[in-house]
Amino acid sequence: MLCENADPDVRSDLERFFSRLVPDGDPLFEHIDEGVDDMPAHIRSILTKMDLTMPVTNGSLDLGTWPGIYLWEHRHRGHQRKLSVTVMGE
């Protein structure tokens, strides 16, 4: 996701917010095949999007001053992930 990246408090505030919004271990969720964070991680990934379109100007990302790109793992255990990048244009 694209978000303000100058202050590290932003990332920890986001983590606390999403943990409160979609708590691990909530008895509402039946899908816990890989642990109590399984279904909450699915919901959080939907809410934070799983794709991103970014402008590129003169061969560099055109993010502006403050934004950064977050690849946010919503699980407690690390997992291997594959990232697909498609570049379109001239």
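The values are calculated or read from the model by the stated rules, or taken from the named source; none is laboratory data. Since we're looking at a predicted model, the values are computed, not measured. Positions of Cβ are generated from backbone atoms using ideal geometry, with glycine treated the same way; all protein chains shown enter the neighbour counts.
Of the residues making up segment 41-81, those that are touching a residue at least 60 places away in the same chain (Cβ under 8 Å) and among the hydrophobic types (A, V, I, L, M, F, W, C) are LEU63, TRP66, ILE69, TRP72. Restricting attention to segment 53-90 and to residues that are touching a strand residue (DSSP E or B) at 6+ places or on another chain (Cβ under 6 Å) and assigned to a loop (DSSP other than H, G, I, E, B), the residue that is nearest to ARG16 (Cα to Cα) turns out to be TYR70. Across segment 18-40, which residue is surrounded by the most Cβ atoms within 10 Å (Cβ to Cβ) among those that are part of a loop (DSSP other than H, G, I, E, B), in contact with a helix residue (DSSP H, G or I) (Cβ under 6 Å, 6 or more places away or on another chain) and touching a residue at least 12 places away in the same chain (Cβ under 8 Å)? For segment 18-40, the residue satisfying everything is VAL22. Taken together, the residues in segment 5-14 that are of a type in the set (Asp, Glu) and surrounded by 13 or more Cβ atoms within 10 Å (Cβ to Cβ) amount to 0.
Here's the yes/no breakdown for (1) modelled with pLDDT of 90 or more; (2) surrounded by 10 or more Cβ atoms within 10 Å (Cβ to Cβ); (3) closer than 30 Å to PRO27 by Cα:
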site	(1), (2), (3)
ILE43	yes, yes, yes
VAL56	no, yes, no
THR65	no, no, no
TRP72	no, yes, yes
HIS79	no, no, yes
LEU83	no, no, no
GLY89	no, no, no
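Taken over segment 49-83, the residue count meeting the criterion of being small (Gly, Ala, Ser), under 15 Å from the mean Cα position of the chain (by Cα) and over 16 Å from ARG11 (Cβ atoms) is 1. Taking the criterion of being within 30 Å of PRO55 (Cβ to Cβ) and hydroxyl-bearing (Ser, Thr, Tyr), the only residue of segment 1-35 that qualifies is SER12.
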